[in-house]
Each structure stands twice: as C-alpha cells, then as structure tokens.
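In what follows, a structure is listed as structure tokens, so that the remarks can point back to it.
What follows is calculated from the coordinates using simple rules that are stated; it is not laboratory data. Just so it is clear, the structure is predicted and the values come from calculations on it, not from any experiment.
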Amino acid sequence: MIYGVKLAWRAITSVAMLKGRSRRTEFFSYWLLSLLILLIAGLIGSNLPLREQRALIVVAGLLVNIPVFALFARRLHDQDRSAWWVLILPPLVMMNVYDELRFFLLDPQRGTMMLPQLPRWIGFVGFPLVVASFVFALWPGTRGPNRFGLDPRGEEASAARLPSAGADLSSAP
C-alpha cells in the first residue's frame with residue numbers, strides 16, 4: 001500500500017514531466033487516490049446546497065485530472081507509443097465540462113437549460129475514446145528499455161536492491 005501511495009505521489013509531483021515511462025501500477029494507484037479525493041470532496045460538499053456541491057466536485061475533478069495527462073503520456077511511452085495519443089483525453093474532459101456548464105447555466109425561474117444538449121453522435125464518438133483510453137491504460141508495457149527510457153519495472157527491482165529480471169544471477173552470492 002505504501003508503494004502505491006509513493007507511485008500516486010510521483011504522478012502528482014510529475015505533473016509536467018512527459019518524458020520517461022510509467023507502470024500500470026502507478027496509473028491505477030493515482031486513479032484510486034483521485035477517487036478517494038473525489039469521495040472526500042463529495043462528503044464535504046454533502047452539507048452544501050446542490051450548486052455548491054457540484055461546483056466543489058467539478059473543481060476537485062479538474063484538479064485531480066491535471067496530472068492524468070502527463071501520467072497517460074508516460075503510460076503510452078511505456079508501451080513504446082507516441083504521447084500524441086494523449087489527445088484522446090481532452091474531448092472526454094470537455095464533454096464532461098460542457099455537461100456541468102449546462103447544469104450551472106440552468107435558468108432557475110424557467111427551469112430550462114441555457115446551453116443546448118450535445119448531439120447524440122458526440123456521445124457515440126466519446127464511447128470509442130473511453131474504450132481506447134482504458135485499453136491504453138491497461139495495455140502492458142514493453143519489457144526492457146525502449147526509445148523512451150528504461151523499464152520502470154527494473155527501477156522497482158533496483159530500489160528494493162533486488163536483481164532485475166534480466167540480471168545475471170550466476171554472480172549472486
């Protein structure tokens with residue numbers, strides 16, 4: 001568990017670091033931490049009026065999603081893919097932001113939305129983007145070094161002072 005917290009902290013502190021590689025463990029440790037933060041924001045906001053509660057959750061959601069772009073880029077690098085694939089994330093974020101803006105721009109006297117609902121075809125476009133982002137997040141990284149750096153699994157072994165998977169064990173005492 002402590003290792004997962006360290007990986008999540010690395011994601012937070014490496015918010016602008018697009019170079020290097022990140023393991024699936026780091027990605028999902030950060031994902032679990034962000035869910036915990038959103039849960040806490042929801043519990044804190046449960047005593048607030050609905051508009052303020054949703055505003056708190058939206059702000060918390062945007063703050064926890066900022067490191068995801070760099071983390072996702074490093075995750076793609078671990079698979080020896082270009083970080084340009086990270087461009088599948090902004091449309092997903094913008095669709096959610098638009099839906100929240102529709103809620104905040106609700107005309108309270110008439111009960112109507114001031115912004116139109118997104119066309120259905122945008123939802124159909126968003127679904128493959130969600131699937132692709134999950135596939136890229138779950139896809140295993142390349143073994144050994146690639147053009148983006150050393151294998152992060154090797155970093156874990158060296159941090160624990162254990163021989164890496166590719167090390168010659170015949171010279172071990």
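Quickly estimate the mean residue ellipticity at 222 nm for the chain, helices only: each DSSP H run with n ≥ 4 gives -39500 (n - 2.57), and the total goes over all residues, rounded to 500. Show your work: numbers first, answer last.
Details: 6 runs with 106 residues, N = 173.
Here the helix-only value at 222 nm equals -20500 deg cm²/dmol.
Do you know the relative contact order of the chain, to the nearest whole percent, from alpha carbon pairs under 8 angstrom that are 6+ apart? Each step should come with its number before you reach the end.
Working: 171 pairs, mean separation 42.6, N = 173.
The value is 25 percent.
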Where only alpha carbons of the range 15-64 are counted, the Rg and the Dmax (Å) = 13.9, 43
Label of the coordinate-derived value, Cα Rg over 2.2 N^0.38 Å, listed as [x] 1.17; [y] 0.93; [z] 1.30 = [z]
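What helices does the chain have that are whole DSSP H segments, at least 24 Å long along their own axis by Cα, and with mean Kyte-Doolittle hydropathy of 1.6 or more? Don't skip to the end; give the middle numbers.
Numbers: long enough: 24-45 (31 Å, 1.55); 50-78 (41 Å, 0.83); 120-138 (28 Å, 1.85).
Sorted by number, the helices that extend far enough and score high enough are 120-138.
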